[in-house]
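Report on one structure; see the data block that follows.
The values are calculated or read from the model by the stated rules, or taken from the named source; none is laboratory data. On a predicted model such as this, the values are computed, not experimentally measured, just so you know. Cβ atoms come from the backbone with ideal geometry, glycine included; neighbour counts cover every protein chain shown. The area values use the complete protein model at the heavy-atom level, side chains included, leaving out ligands, DNA and RNA. Shrake-Rupley method; radii C 1.70, N 1.55, O 1.52, S 1.80 Å.
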Amino acid sequence: QVQLVESGGGLVQPGGSLRLSCAASGSLVSILPLGWYRQAPGNKRELVATITSSGVENYAGPVKGRFTISRDAAKTTVYLQMNSLKPEDTAIYYCNCRSPLRDYWGQGTQVTVSS
């Protein structure tokens with residue numbers, strides 16, 4: 001079983017920055033891929049970024065060059081550094097852990113980009 005707890009969301013002005021954190025606990029978390037997804041009102045949940053246990057990163061097109069995903073040395077905490085935020089980045093951001101049998105999700109953290 002895997003548990004994911006996100007933190008770091010909030011309200012920020014366009015052009016600002018936020019850093020999200022997700023603490024993962026449970027079996028084999030340190031060797032599983034971790035990632036961030038987001039869901040805006042009326043939209044489907046979409047990929048933001050993922051990172052493997054070996055550090056290979058993958059980003060969705062709209063966030064490339066602005067967001068950076070990383071893991072701590074123990075590989076059980078994943079971060080999402082978000083820079084140059086835009087109003088269209090407003091969404092609930094969910095932490096994800098992908099095991100061979102199923103996906104695990106955090107409870108989500110709200111990010112609002114507005115002046």
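Quick notes
- Residue-level analysis places residue 14 among those that are in contact with a strand residue (DSSP E or B) (Cβ under 7 Å, 6 or more places away or on another chain) and not in a strand (DSSP E or B).
- Near pairs, Cβ below 9 angstrom, 6+ apart or cross-chain, from the stretch 100-115 (over 25 Å from residue 32 (Cα atoms)) to any residue that is at pLDDT 95 or above and among the aromatic types (Phe, Trp, Tyr): 111/93
Residues checked against (1) assigned to a strand (DSSP E or B); (2) among the hydrophobic types (A, V, I, L, M, F, W, C); (3) exposed (fewer than 15 other Cβ atoms within 10 Å of the Cβ); (4) at pLDDT below 95:
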{"site": "20", "(1), (2), (3), (4)": "yes, yes, no, no"}
{"site": "24", "(1), (2), (3), (4)": "yes, yes, no, no"}
{"site": "35", "(1), (2), (3), (4)": "yes, no, no, no"}
{"site": "43", "(1), (2), (3), (4)": "no, no, yes, no"}
{"site": "48", "(1), (2), (3), (4)": "yes, yes, no, no"}
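- The set of residues in the stretch 62-76 being surrounded by 18 or more Cβ atoms within 10 Å (Cβ to Cβ) and either at pLDDT 95 or above or under 13 Å from the mean Cα position of the chain (by Cα) (or both) consists of 63, 67, 69, 71.
- Boolean, residue 93 is in contact with a strand residue (DSSP E or B) (Cβ under 6 Å, 6 or more places away or on another chain), in a strand (DSSP E or B), among the hydroxyl-bearing types (Ser, Thr, Tyr) and open to solvent by less than 30 Å² (accessible area, probe 1.4 Å): yes
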